[in-house]
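Heads up: the structure comes next, in structure tokens.
Please treat every number below as a calculation from the coordinates, not as lab data. Bear in mind the structure is a predicted one, so any value in this text is a computation, not a measurement. Cβ atoms come from the backbone with ideal geometry, glycine included; neighbour counts cover every protein chain shown.
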Amino acid sequence: MTDTRPYPDTVAGPFPTPPILFETLDGETISVEVFDGDRDGLVSMYLDFDPSERAQGIPPVGEDHIRDWLDKLIGEDCFNVIARHDDVVVGHATLVGDEQEGGYELAIFVLHEYQGKGIGTRLLEGVLGHGIDQGVEKVWLTVERWNRPAIKLYRKVGFETTNAQSFEHEMSIRLARPTEEAEQLQEAVETEDQTERTG
């Protein structure tokens with residue numbers, strides 16, 4: 001395993017670990033949880049995914065192609081987190097092990113009608129928190145240069161640009177190991193979420 005991809009020296013985190021329950025500004029209750037094996041729920045989400053929002057050729061189009069692609073994402077050395085609204089999968093984030101580079105590649109998807117509600121942020125934080133729990137220390141991604149909202153989100157949680165020479169923006173993050181501080185953050189997030197639901 002070679003580690004040729006640059007990663008920041010600064011460690012990011014801590015991040016909350018799923019399950020994360022929160023309410024959007026318009027009152028929808030969303031749960032972010034570790035993928036539980038509900039392949040059909042994921043397939044259904046990707047069948048509903050707007051093809052015009054595909055980036056870098058993913059997600060694929062057509063049920064057979066989606067199922068083949070998901071086989072790779074939910075396989076060994078991959079960590080997955082989903083977002084649900086009323087038991088329907090509306091978002092998915094994955095960390096896919098990269099043997100060549102020694103890190104994990106991140107991909108995140110949220111159905112169009114659920115974008116702009118904070119779900120992407122919670123999914124991203126959740127998958128990073130879950131990754132830390134599983135021993136993930138380095139994560140990288142590519143994002144199209146024109147996708148400024150995504151780049152802004154990635155920077156907000158600690159990703160740094162490592163290559164901006166092509167039409168894709170490459171970014172990476174170094175994750176903190178679980179600590180007592182991370183556990184306290186998780187408790188604070190859970191308390192905040194509970195207060196928002198009851199308040």
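What to note about this one:
- Under 14 Å, Cβ to Cβ, from Lys152 - net charge with Lys/Arg +1 and Asp/Glu -1: +2
- The stretch 11-198, relative contact order [Cα under 8 Å, separation at least 6], %: 27 percent
- Amide H contacts of Lys138 (H built 1.01 Å from N, in plane; Pro and chain starts excluded): Tyr104, Leu175 sit under 5 Å, all sequence-distant by 5 or more or on other chains.
- In Å, descending, principal axis extents of the Cα set of the chain: 48, 44, 32
- Take each peptide in 63-70, 90-97, 102-109, count the other Cβ atoms within 10 Å of every residue, and average; sorted highest first, the result is 90-97, 102-109, 63-70.
- Highest mobility in the GNM of the chain, judged by mean-square fluctuation with C-alpha springs under 10 Å and restricted to Glu170, Glu137, Glu53, is found for Glu53.
- Peptides 77-83, 114-120, ordered by how many other C-beta atoms sit within 10 Å of their residues on average, highest first, read 77-83, 114-120.
- Beta bridges by DSSP in the chain, antiparallel share as percent, to the nearest 5: 90 percent
- Taken about its Cα centre, the chain carries a charge dipole of about 740 debye when Lys and Arg each add +1 at the Cβ and Asp and Glu each add -1 at the Cβ.
- Radius, Kirkwood style, for the stretch 80-185 when every pair of distinct Cα atoms is counted (Å): 14.5 Å
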